[in-house]
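Below: one structure, written as structure tokens.
The values are calculated or read from the model by the stated rules, or taken from the named source; none is laboratory data. Remember, predicted model here, so these are calculated numbers, not experimental data. Positions of Cβ are generated from backbone atoms using ideal geometry, with glycine treated the same way; all protein chains shown enter the neighbour counts.
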Amino acid sequence: MEARKLIDTLVMAEKLKDTMRHCYTANGRRESVAEHCWLAGLMAYFMRDEFPDVDMDKVIRMILIHDLGECFTGDVPVFNKTEEHEEKEKKLLYGWVKTLPEDFSKEMMSLYEEMEKLETKEARIFKAIDGMEAVLQHNISDISTWLPNEYELNQTYAMDKVEFSEYLKEVREELRKDTVKKIEVTL
């Protein structure tokens, strides 16, 4: 990528460092979208050996770009996100992606399409990790930061996304156990 375009692209992506999610860190600070993507990417990195037949580098690329639309719209929690939110984010994101150099634009559009269809193992792993990272972060954060609906949601969220993999089901079950322990300690 040409130097100026690279810098301009990174300046846009940097907005995710200041785009806050509804979740908190262990120290009580709101988590940024960039931090969510980083931890999800790290999850994928450490899961590489569990999926020897999968292009985990592609999964990591999916994770790196999956929330770039939130540069334009901010983060809307999954339980508040409507089809209208999703369409607006998609329109703004795709408009921006089309301004990137052709090779990157084509690759990113292909990855977004693959993520949306959820037909490949890479896309399904990405989606599972994206959901499980949110559960993990809630388990790490102080329970006083949880919304009332998150007590149940944290026990069930992304369960449907892991059904295709015994390993991911095991990881998700461990996260569920951590959620139950966290709730029991506060009762």
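Quick check: is even one residue across region 39-50 out of contact with any strand residue (DSSP E or B) (no Cβ under 9 Å at 6 or more places or on another chain), among the aromatic types (Phe, Trp, Tyr), crowded, with 16+ Cβ neighbours inside 10 Å and under 25 Å from Glu107 (Cα atoms)? No: zero hits. Taking the listed residues Val162, Val171, the one that is modelled with pLDDT of 95 or more, under 19 Å from the mean Cα position of the chain (by Cα) and either in a helix (DSSP H, G or I) or more than 19 Å from Arg124 (Cα to Cα) (or both) is Val171, with no other qualifying.
Taking the criterion of being assigned to a helix (DSSP H, G or I) and farther than 19 Å from Lys169 by Cβ, the residues of region 139-151 that qualify are Ile140, Ile143, Ser144, Thr145, Glu150, Tyr151.
Within region 138-162, the set of residues being touching a helix residue (DSSP H, G or I) at 6+ places or on another chain (Cβ under 7 Å) and not aromatic (Phe, Trp, Tyr) comprises His138, Asn139, Ile143, Glu150, Asn154, Gln155, Ala158, Met159, Lys161, Val162.
Condition check ((1) at pLDDT below 95; (2) surrounded by 14 or more Cβ atoms within 10 Å (Cβ to Cβ)) across all residues:
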| site | (1), (2) |
| --- | --- |
| Asp67 | no, yes |
| Glu70 | no, yes |
| Val78 | yes, no |
| Lys98 | no, no |
| Asp103 | no, no |
| Met108 | no, yes |
| Leu111 | no, yes |
| Lys121 | no, yes |
| Ile125 | no, yes |
